[in-house]
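So the structure is just underneath, and the comments pick up after that.
Please treat every number below as a calculation from the coordinates, not as lab data. Just so we're clear, the structure is a prediction, and the values are computed from it rather than from any experiment. All Cβ positions, even for glycine, are placed from backbone atoms using ideal geometry, and neighbour counts span all protein chains on display.
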Amino acid sequence: MSNPAELEELKALCPGAQEIPEARQVYIFLPNLKLPAGCKPPQADALLCAHSREGYPTRLFLSQPVVGKGSNWNTHRIADKTWHTWSWNYVSAEQRLIQILLGHLEAFR
Amino acid sequence: MKIIFKLTEVLLQRVKEDLRRPHPFAFERVGFISSRSGRIPPNGWVILGYDYHPVDDEDYVPCASVGALIGPGAMRKALQVAYNEPLSMVHVHSHDHRGTPAFSKVDLRESARFVPNVWNVRPNLPHAAIVLSEDSLCGFGWEPGSQRRIPIGDFTIVGVPLRIIRKNT
Amino acid sequence: MNKHQRQSFLGPNSESILRSLRIAIVGVGGGGSHVAQQLAHIGAGNILLLDHDRVEDTNLNRLVGATEEDVKRNALKVEIAKRLIRAIDSRTDVTGFDCLWQNAADVLHDCDVIFGCVDQFTERKQLEIAARRYLTPYIDIGMDVHEAAGRFIIAGQTYLSMPGQPCMSCLGLLPDEAIAREAAEYGAAGSRPQVIWPNGILASLAVGLMMQLVTPWFPGHNVTALLEYDGNSQTVTRSLKLDLLDEIRCPHFCSLQDLGDPFLWS
């Protein structure tokens, strides 16, 4: 389970943030997350994976791909929903959740 | 509108074992299956049995005219289960015969009483009532916000063998 | 004479059982095309096909039902499988989803059985999780040709993943390093060796597992869930891994959170 203080930090950015467990892993659902300026769409539901998955130390999934940004988009099924992620590695899990999130969003700046 | 109910063979046997137990004065027992649910496109539901909650002996109320009458304590405990975790609740009892069971008038009345109660705590989830026979099941589901009971179309008992009881064929 | 007369030994009502089944095949390439063909022959009534891919020249060595003409017109694999099924049994209700399976996964919610005939470990893992969420038996087939010490080794397995029983992670069938390698290669299957006969064997074993599960001919409760294929010695053996895990409850799917749609109540 996530550190409660770190989860509260995420909630300040994204009020509906909540944990979604699946198969002994915990993801953090971030509804209507605002994406960096210039992104299409400007916001999307997101799922933050703050643990190792498929060889990535952490990962961010979005409900739809961002047009023209990120590369090697691929599609996953997690928590009974479809998500999209891109190739963006080396965002360490050894930091606060909000830093992990911002580390992934850096790909779109 | 399609509603299907699935549970494992292991869970079903737990339910049957409990419902078979004699009670000091009730002719039959009642229990609740706490369940998760999901949608079937375009507008159906699947209810997935997770755990079984027997009605405690002391929560039955003597009544000569019905096989089993449960008191407010039983309902309160069932609602607490649904409140603690977001769960669909399935009222269950059994009839002692083989072949397709059916709801009696009393069964229908009791299940109609039960479902609105659960909506007080879980209004956004479907709930159901089922009756078992020795080798079959039947039941009704209620989707959120609707008073209309819908016959459960398929029952799947997940085990080896996989048993599927279809009501719509 | 009923065309399924020869399979009447499967038990009374077996024909109606099979006719009423709703079965999904995820991936209708080398393995899935065999499964589709066999399900049509045995009389499965409702088949859903999920695959986004189109046939290429290099598929013709193993894609059951595919023709040179299909390659010329770049046909969808689901279209080829649909045609194959309908030619065998016109009564079968076949629906094709020519997209990534994840984009149509809601249709799996009310399936009775799901066959996973996909190339990648990460796909299998996601499929098994999706099946377990809806208490759906999931039958996975996997085949590999690899080179070791100067020779080629053909190996594979068929696994029936049942709710409450050990999952593919419990059995070591989804190695983390293989999944990581796939992700690093961005999922490109590339020109991995693939041939028809191991696909056929594994698909047949998979359909056989399903038949043991759903028809009355097999009255025991001992469906052998994990079958290992050695393509060099041409043998299939029941894996001993399940014996070792016999009393162990799967720790990967034991939680309430792994059941149903978590967004319904979140």
Estimated [θ] at 222 nm from DSSP helical runs (n ≥ 4, -39500 (n - 2.57)) normalised by residues in chain C, nearest 500: -9000 deg cm²/dmol
Under the span-like rule (Cα at least 15 Å along the axis, Kyte-Doolittle mean at least -1.0), DSSP H helices of chain C: C:30-42, C:77-88, C:196-214
Separation of alpha-carbon centers, the range C:233-261 and the range B:1-51, rounded to whole Å: 24
Inter-probe distance in nm under a simple model that places probes 7 Å from Cα toward Cβ, at C:ARG181 and B:GLN80: 5.4
For the range B:6-23, Karplus couplings with θ = phi - 60° (6.51, -1.76, 1.60), whole Hz, Gly/Pro x: 10, 8, 7, 4, 4, 5, 4, 5, 4, 5, 5, 4, 5, 5, 7, 5, x, 10
Histogram of C-alpha separations across the protein assembly as shown, 20 Å bin width, %: 20, 51, 27, 2, 0
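Order of C:ARG54, B:ARG29 from fewest to most other C-beta atoms within 10 Å?
C:ARG54, B:ARG29
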Length-normalised contact order of the range A:4-108 in % [C-alpha pairs under 8 Å, at least 6 apart]: 22
DSSP beta bridges in the protein assembly as shown [antiparallel fraction, %, rounded to 5]: 70
Cβ-based exposure ranking for C:THR67, B:THR8, B:THR156, in which fewest neighbours within 10 Å come first: C:THR67, B:THR8, B:THR156
Separation in nanometres of the label points that stand 7 Å from Cα toward Cβ, at C:THR67 and C:CYS254: 5.5
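Can you give the Kirkwood hydrodynamic radius for chain A, in Å, rounded to one decimal and based on Cα pairs?
For chain A, the Kirkwood estimate is 13.8 Å.
Please rank C:TRP265, A:TRP88, fewest neighbouring Cβ atoms within 10 Å first, as an exposure proxy.
C:TRP265, A:TRP88
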Ellipsoid equivalent to chain C - semi-axes via the Cα gyration tensor, in Å: 25, 25, 21
The range B:109-131 and the range A:1-77: distance between their alpha carbon centers, rounded to Å: 35
Compactness index (Cα Rg / 2.2 N^0.38 Å), chain B: 0.96
Efficiency of FRET from Cβ geometry, C:LEU242 and C:CYS99, R₀ 41 Å, rounded to 0.05: 0.75
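Kindly state, to the nearest 0.05, the FRET efficiency for B:GLU17 paired with C:ASP230, given R0 = 35 Å and r defined as their beta-carbon distance.
0.20
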Estimated 222 nm signal from helices in chain B, with DSSP H stretches of n ≥ 4 weighted -39500 (n - 2.57), rounded to 500: -7500 deg cm²/dmol
Per-residue [θ]222 nm for chain A (sum of -39500 (n - 2.57) over DSSP H runs n ≥ 4, rounded to 500): -5000 deg cm²/dmol
Antiparallel bridges, percent of DSSP beta bridges restricted to the range B:3-166 (to nearest 5): 65
Among beta bridges that DSSP assigns inside the range C:12-255, antiparallel share in %, nearest 5: 55
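Remind me, relative contact order of chain C in percent, using alpha carbon pairs under 8 angstrom and six or more residues apart?
Relative contact order here is 20 percent.
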Using a Förster distance of 45 Å, the FRET efficiency for A:TYR90-C:GLU56 (Cβ separation, nearest 0.05): 0.85
